[in-house]
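The structure under discussion appears below in the form of structure tokens.
Please treat every number below as a calculation from the coordinates, not as lab data. Note that the coordinates shown come from a computational prediction; the quantities given were computed from them, not determined experimentally. Cβ sites come from the backbone with ideal geometry, for glycine too, and all protein chains shown count toward neighbours.
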Amino acid sequence: MASNDWRKSVVYQIYPKSFNDTSGSGQGDIRGVIEKLDYIRFLGADYIWLTPIYESPMYDNGYDISNYYEVNPQFGTKDDLRELLDKAHDAGIRVMMDIVINHTSTAHQWFVESSSSKDNAYRDYYIWKDGTYDVPPTNWESKFGGSAWEYDDDSNQYYLSLFDVTQADLNWENEDMRQKIYEMINYWIDFGVDGFRFDVINLISKGGFKDSDGEGKEFYTDGPKVHEYIHELNRHTFGGRDIMTVGEMSSTTIDHCLKYTHPDRNELNSVFNFHHLKVDYPGGEKWTLAAFDFIKLKRILMEWQVAMDEGNGWNAIFWCNHDQPRVVSRFGKDDTEENRVKSAKMLAIALHGLKGTPYIYQGEEIGMPNPKYERIDQYKDVESLNAFDTMREKGLDARMVLDILGAKSRDNSRSPMQWDSSRYGGFTEGEPWISVGKDYEKINAAQALEDKNSVFYTYKKLIELRHHYDILTYGDVKPYLLDDDHLFVYERNYSEETITVIANFRDVKVPYPQGVNTEGEVLISNYDDKVAGLRPFETMMLYRQNR
Ligand code: GLC
């Protein structure tokens, strides 16, 4: 690690199933991560975040955990994980685990017990409510489509599952259950992990169980006891220890996120929110084809930046993860090689100048675009397959539905990591579980490492800058030109220094902005020189001392 302050670190997210396969099974594994530690060290990331590798039936690729204490054999063994931790630590890389404690798989022993009878000691570990055969307890909708309630014939009750039917929501009102969760987290702390990413952690406290005018979110999002529970979790597990934490917050608010992360409250270090990634959901609808609303993107990002800074909270900053399409295809342009490289670098610089903890999702550092799948059988994600059926039932033609999935599906980020130009991008020697992106022969890590002008070296440099310049970590944030339709401009200020980031989000030439100080040393840019105006996607980070 570059420094003892976790705030200065950069995280590299790994989705092991799609990262690197060493066994020929067609699925990535833990040994595959070990094999690539040198690559991550060369990039310069301080932490890796591993999405869930626990035992799981894999209906939601590991976010459906059936045993918190065991490693899914598909990914390897606990010895492999031990070796990964040791080798990562030797390389100066820390490891964050993904912890899913809003729900478990219905294959988890607790749920097996819970669903066996109404009197079982584990019954109350989950949320069971009365309903009648055809009328569930409330009209809440699952985030993956359909009702959030699943009927159980034997007991004539329903259990709550906000995601897939095989992901049953835990009942955080139950103190025994909470204690068991804390024990489990302490087990992993003792095992040697350095941090946790808590999956949809702001959904753990359910409020009243009533019908909703919408999907039901208002009853369980940032629910009544959520801060109490997270505080308790902190006190019983990682609190006061050198463990970095980030909570995934679904449909949250700035006020809640200030509470989740204010150091005095002893909840979490940092939060992910997703408001800036809904700017291409017109009217809130994800499953559409729509250009992104650039002004809205800036306004949301900047509102969070300023408010979290002023209120002493802490954001995770990111464009990509395993649930989002590739940013270069989304907010950049991947139609030509030149546009792809320029816009991927633009997005990198624009994000890495912000305040918060930067996250890089595997492949983002080489500017991987969406894989451009053409057939429904190339999709594997439960949410995408449900959405396909729903859109088809609504009468949308198949071509259109495929175009929509091509832009919005979570599988856009789950296509295999492109390592080199060999078969399947060097991801596997077997048959990959999901198709490799079309452009792997040109866009891959081997090529990126060779070419000093590649997107990779922009990310590498951005990490170096973050480690070197305290202002990037501690400086405050001042937005400019929020209504400008081309430029994303902000300043960071810290003691007597200023950093200005100017990013042209469009593929046209525009004049330098008025009313913004554009002097200073260019710390990083995606063009080699400066000319009279800003060229397509031209972006720079400028540094000056104000003495
Ligand atoms: C989070 C995960 C996502 C998963 C969901 C349910 O949003 O990032 O992949 O499907 O939680 O666990």
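Here are the numbers for the structure shown:
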{"quantity": "Peptides 25-31, 505-511 ordered by average Cβ neighbours within 10 Å, highest first", "calculated": "25-31, 505-511"}
{"quantity": "C-alpha long axis of helix 226-236 to longest principal axis of the chain, angle in °", "calculated": "90"}
{"quantity": "Cα long-axis angle, helix 337-352 against the chain (0 to 90 degrees, to the nearest 10)", "calculated": "70"}
{"quantity": "Unit charges on C-beta of K, R, D, E only; dipole of the chain, Debye", "calculated": "1560"}
{"quantity": "Hz values of 3J(HN,Hα) by residue in segment 386-393 - Karplus curve (6.51, -1.76, 1.60), Gly and Pro given as x", "calculated": "4, 5, 4, 4, 4, 5, 5, 4"}
{"quantity": "Other-chain or far-sequence residues with amide H under 5 Å of TRP49's (modelled H)", "calculated": "TYR12, GLN13, ILE14, MET96"}
{"quantity": "Cα centroid separation, segment 376-428 to segment 55-85 (Å)", "calculated": "24"}
{"quantity": "Folded to 0 to 90 degrees: helix 175-191 orientation relative to the chain principal axis, Cα", "calculated": "50"}
{"quantity": "Karplus 3J(HN,Hα) series, Hz, for segment 161-167 with 6.51 cos²θ - 1.76 cosθ + 1.60 (x for Gly, Pro)", "calculated": "9, 5, 10, 6, 4, 8, 10"}
{"quantity": "Dipole moment magnitude, nearest 20 debye, segment 453-506 about Cα centre, only Lys, Arg, Asp, Glu C-beta charged", "calculated": "320"}
{"quantity": "Taking the chain and dividing mean pair separation by its residue count, relative contact order in percent (alpha carbons under 8 Å, at least six apart)", "calculated": "13"}
{"quantity": "Share of alpha-carbon pairs per 10 Å distance bin for the chain, given as whole %", "calculated": "4, 18, 29, 28, 16, 5, 1, 0"}
{"quantity": "Percent RCO, i.e. relative contact order, over segment 113-264, from Cα pairs under 8 Å lying at least 6 residues apart", "calculated": "20"}
{"quantity": "Share of Cα-Cα pairs in segment 207-258 lying beyond 16 Å, as whole percent", "calculated": "52"}
{"quantity": "Helical mean residue ellipticity (222 nm; -39500 (n - 2.57) per DSSP H run of 4+; nearest 500) of the chain", "calculated": "-8500 deg cm²/dmol"}
{"quantity": "In segment 414-454, trypsin sites (Lys or Arg not before Pro) in a DSSP loop with at most 15 other beta-carbon atoms within 10 Å", "calculated": "LYS438, LYS442, LYS452"}
{"quantity": "Over 29 Å between alpha carbons, listed pairs LYS345/LYS478; LYS8/LYS372; LYS206/LYS286", "calculated": "LYS8/LYS372"}
{"quantity": "Contact order relative to length of segment 109-169, as percent, for alpha carbon pairs under 8 angstrom and 6 or more apart", "calculated": "27"}
